[in-house]
Amino acid sequence: MEERILQFLNKTYPINFNNVEAVTNEMYRCLSTKGIFFVRITNYKTYHEQLEEVNWTNYLFNQGIGVPMVIPSINDSLIENIMLDEEKMVVLFQAASGIHLPRSKWNKTVFRNLGQQMGRMHRVSKGYMKSSINHWYECEEYDFLKYIPAEEKTIREIAHVVLNDINELPQDNSNYGLIHGDLWLENVLVDSDSKLTMIDFQDCENHYYVYDLAVPIYSALEFSFSGGENIRDYERSITEALIDGYKEENDLSSEMLMKLPRFMKLKEMFEYNLMHMYWNSKELSEEQVRILNLYRNRIEYSHS
């Protein structure tokens, strides 16, 4: 597979690659005389959706936002097609500097820097007028009542209330627009100078800006808190740092910030819904049953 990808890249891009190695089932690290690149090969989104994503990413790059540069092919195209086991789409990125921080390093300093980067991203994107990227409510992952089983009546009622509350919020250019949608520790690189690069924009969408703030807080409490203090103190410190950094670069009303807990709940329902969408309910592993029950308890008893 890697050899076929290598041959395709050398025919299609103006770069002499000498090695390709798999990172995930859709991302490959590509070595060349011009440095390191990453190629994404996927049909997770349609051609139009991926083109909208990479056009916006390149716009952000040209505005000085910390995102990877998308490399055009010799055909001056940001997306090419490759036939492997099936036809898939190829996007080539120049490697960003930095690493995935270990869990213990996700502290308030990093969150302040992330808030600044997110604030800049939202602010400059207000001037990006070309997008037809989906609105959040058009994405199937938010169709909670389609996938959460009918017998889970309490959780379905909570999902209904959460969606209604958010759908009733005012929506304008100051609080709603293009967001990354999935900023957590695996989608942020940090270099030795604490410079941040945001990667993996496949879940970008039009949404309330405050949701982009809710996701890294939620994900830090779920995945990157590593002890050493009370988790409530950790939550308070990273939330304050993220918001302080964000406000240095973009305005966000106190009314919308007061809705942050509701958007944390939306993220929790989103994650729970994904389990029902992608896990086979008749063949759940012991670990999957444990995770589902943890979420059920948290949601039903409001212990988020």
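The values are calculated or read from the model by the stated rules, or taken from the named source; none is laboratory data. Keep in mind it's a predicted model, so treat the numbers as computed, not measured. Using ideal geometry, Cβ is built from the backbone for each residue, glycine included, and neighbour counts are taken over all protein chains shown.
Matching residues to (1) modelled with pLDDT of 95 or more; (2) in the same structural domain as I65 (by TED's automatic domain parsing); (3) over 18 Å from H122 (Cβ atoms):
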residue: K267; (1), (2), (3): yes, no, no
residue: K282; (1), (2), (3): no, no, yes
residue: S285; (1), (2), (3): yes, no, yes
residue: L292; (1), (2), (3): yes, no, yes
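Looking only at the range 13-31, count how many residues are more than 28 Å from the chain's Cα centre (by Cα) and under 17 Å from M69 (Cβ atoms).
3
Select, from I231, I238, I217, the only residue that is more than 25 Å from Y59 (Cβ to Cβ), surrounded by fewer than 20 Cβ atoms within 10 Å (Cβ to Cβ) and of a type in the set (A, V, I, L, M).
Among I231, I238, I217, only I231 is more than 25 Å from Y59 (Cβ to Cβ), surrounded by fewer than 20 Cβ atoms within 10 Å (Cβ to Cβ) and of a type in the set (A, V, I, L, M).
Can you name every residue in the range 72-102 that is of a type in the set (A, V, I, L, M) and either part of a strand (DSSP E or B) or without any contact (Cβ under 8 Å) to a residue 40 or more places away in the chain (or both)?
L78, I79, I82, M83, M89, V90, V91, L92, I99
State the number of residues belonging to the range 58-90 that are touching a helix residue (DSSP H, G or I) at 6+ places or on another chain (Cβ under 6 Å), of a type in the set (V, I, T) and over 28 Å from E235 (Cα atoms).
Residues in the range 58-90 being touching a helix residue (DSSP H, G or I) at 6+ places or on another chain (Cβ under 6 Å), of a type in the set (V, I, T) and over 28 Å from E235 (Cα atoms): 3 in total.
Give the range 132-157 a look and list any residue that's of a type outside the set (A, V, I, L, M, F, W, C) and closer than 24 Å to W184 by Cα, or say none.
Correct list: N134, H135, Y137, E138, E140, E141, Y142, D143.
Just wondering, is there one or more residues in the range 5-21 that are outside the structural domain of V124 (by TED's automatic domain parsing), in contact (Cβ under 8 Å) with a residue 12 or more places away in the chain, touching an Asp or Glu at 6+ places or on another chain (Cβ under 6 Å) and part of a helix (DSSP H, G or I)?
Yes, the range 5-21 contains a residue that is outside the structural domain of V124 (by TED's automatic domain parsing), in contact (Cβ under 8 Å) with a residue 12 or more places away in the chain, touching an Asp or Glu at 6+ places or on another chain (Cβ under 6 Å) and part of a helix (DSSP H, G or I).
Are any residues in the range 28-54 crowded, with 16+ Cβ neighbours inside 10 Å, closer than 17 Å to A95 by Cα and in contact with a Lys or Arg (Cβ under 9 Å, 6 or more places away or on another chain), and if so, which ones?
Y28, F37, F38, V39, I41
Residues checked against (1) of a type in the set (A, V, I, L, M); (2) modelled with pLDDT of 95 or more; (3) surrounded by fewer than 19 Cβ atoms within 10 Å (Cβ to Cβ); (4) in the same structural domain as T46 (by TED's automatic domain parsing):
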site: V67; (1), (2), (3), (4): yes, yes, no, yes
site: P72; (1), (2), (3), (4): no, yes, yes, yes
site: S77; (1), (2), (3), (4): no, yes, yes, yes
site: D85; (1), (2), (3), (4): no, no, yes, yes
site: T109; (1), (2), (3), (4): no, no, yes, no
site: R112; (1), (2), (3), (4): no, yes, no, no
site: M118; (1), (2), (3), (4): yes, yes, no, no
site: H122; (1), (2), (3), (4): no, yes, no, no
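Can you pull out every residue in the range 250-280 that is small (G, A, S) and touching a residue at least 40 places away in the same chain (Cβ under 8 Å)?
Passing the criteria: only S253.
Here is a check on your reading of the model: is Y147 surrounded by 15 or more Cβ atoms within 10 Å (Cβ to Cβ), under 30 Å from A241 (Cα atoms) and of a type in the set (S, T, Y)?
No.
Results for (1) at pLDDT 95 or above; (2) within 24 Å of N167 (Cβ to Cβ); (3) touching a strand residue (DSSP E or B) at 6+ places or on another chain (Cβ under 8 Å); (4) in a loop (DSSP other than H, G, I, E, B), shown as yes or no for each residue.
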{"residue": "F223", "(1), (2), (3), (4)": "no, no, no, no"}
{"residue": "D244", "(1), (2), (3), (4)": "yes, no, no, no"}
{"residue": "M264", "(1), (2), (3), (4)": "yes, yes, no, no"}
{"residue": "N273", "(1), (2), (3), (4)": "yes, yes, no, no"}
{"residue": "M277", "(1), (2), (3), (4)": "yes, yes, no, no"}
{"residue": "H303", "(1), (2), (3), (4)": "no, no, no, yes"}
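Which helices (runs of 4 or more DSSP H) does the range 103-182 wholly contain that include 2 or more residues that are in contact with a strand residue (DSSP E or B) (Cβ under 6 Å, 6 or more places away or on another chain), closer than 21 Å to V67 by Cβ and touching a residue at least 60 places away in the same chain (Cβ under 8 Å)?
108-125
List the number of the failed condition for P261; all other conditions in (1) under 21 Å from the mean Cα position of the chain (by Cα); (2) surrounded by fewer than 16 Cβ atoms within 10 Å (Cβ to Cβ); (3) of a type outside the set (D, E, K, R); (4) more than 24 Å from N113 (Cα to Cα) hold.
(4)
E49 passes all but one of (1) under 23 Å from Q117 (Cα atoms); (2) part of a helix (DSSP H, G or I); which number fails?
Against the list (1) under 23 Å from Q117 (Cα atoms); (2) part of a helix (DSSP H, G or I), E49 comes up short only on (1).
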